[in-house]
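J.: Can you keep this structure in mind? I'll have questions shortly.
The values are calculated or read from the model by the stated rules, or taken from the named source; none is laboratory data. All values reported here derive from a predicted model rather than from experimental measurement. Note: ideal-geometry Cβ built from the backbone for every residue, glycine included; neighbour counts use all protein chains shown. Only protein heavy atoms, including side chains, enter the accessible area calculation; ligands, DNA and RNA are left aside. Shrake-Rupley method; radii C 1.70, N 1.55, O 1.52, S 1.80 Å.
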Amino acid sequence: QVQVVESGGGLVQSGGSLRLSCAASGDIFTINTMGWYRQVSGDERVLVATINSDRITNYRDSVKGRFTISGDNARKTVSLQMNSLKPEDTAVYYCNVAGRGTSFRISFNAWGQGTQVTVSS
């Protein structure tokens with residue numbers, strides 16, 4: 001089993017910055033992709049940014065140039081630096097880690113519990 005724990009959410013004024021961190025632990029043999037998603041109440045969960053084992057990143061258009069994802073597969077951690085935050089960035093942010101476990105190399109796709117980010121105008 002894989003556990004994912006996020007930290008770093010909070011309340012910030014428009015134009016401010018926050019840094020989200022995520023750590024994975026448990027039955028992990030290899031990590032393929034780590035990423036951040038967000039969800040506003042009543043809406044679907046959407047991709048914010050991902051990074052794969054080749055360090056290739058992918059960002060949602062609305063956060064390009066403002067958010068930066070960084071990951072460390074060896075440490076099983078991923079972070080999201082969020083600058084120039086806007087009220088529309090307000091959401092619950094979820095960390096996602098996908099890879100294969102040590103037992104029979106079975107794939108996993110694990111989610112954290114989510115952390116609230118609120119940007120006031």
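J.: Give VAL12, VAL63, VAL4, VAL40 a once-over and let me know the one that is touching a residue at least 24 places away in the same chain (Cβ under 8 Å) and either touching a Gly at 6+ places or on another chain (Cβ under 8 Å) or of a type in the set (Phe, Trp, Tyr) (or both).
T.: VAL4
J.: Still on this structure, please answer the following. Tally up the residues in segment 70-121 that are touching a Pro at 6+ places or on another chain (Cβ under 6 Å) and of a type in the set (S, T, N, Q), please.
T.: Number satisfying all stated conditions: 1.
J.: Which ranges mark the strands (runs of 3 or more DSSP E) fully within segment 11-95 that have 3 or more residues being of a type in the set (Gly, Ala, Ser) and surrounded by 13 or more Cβ atoms within 10 Å (Cβ to Cβ)?
T.: Passing ranges, in order: 18-26.
J.: Sort out which residues of segment 96-112 are farther than 16 Å from LEU47 by Cα and open to solvent by 20 Å² or more (accessible area, probe 1.4 Å), and write them in order of number.
T.: Residues satisfying the conditions are ARG100, THR102, SER103, PHE104, ARG105, ILE106, SER107, PHE108.
J.: Right, another one. Which residue is nearest to the chain's Cα centre (by Cα), if the candidates are limited to segment 7-53 and must be modelled with pLDDT of 95 or more and among the charged types (D, E, K, R)?
T.: Among them, the one singled out is ARG38.
J.: Sticking with this structure for a sec: Within segment 96-121, how many residues are more than 17 Å from ASN52 (Cα to Cα), in contact (Cβ under 8 Å) with a residue 24 or more places away in the chain and assigned to a loop (DSSP other than H, G, I, E, B)?
T.: 7
J.: Oh, and also: More than 15 Å from GLY8 (Cα to Cα) and either out of contact with any Asp or Glu (no Cβ under 7 Å at 6 or more places or on another chain) or of a type in the set (Gly, Ala, Ser) (or both): is that true of PHE67 in this structure?
T.: The answer is no for PHE67.
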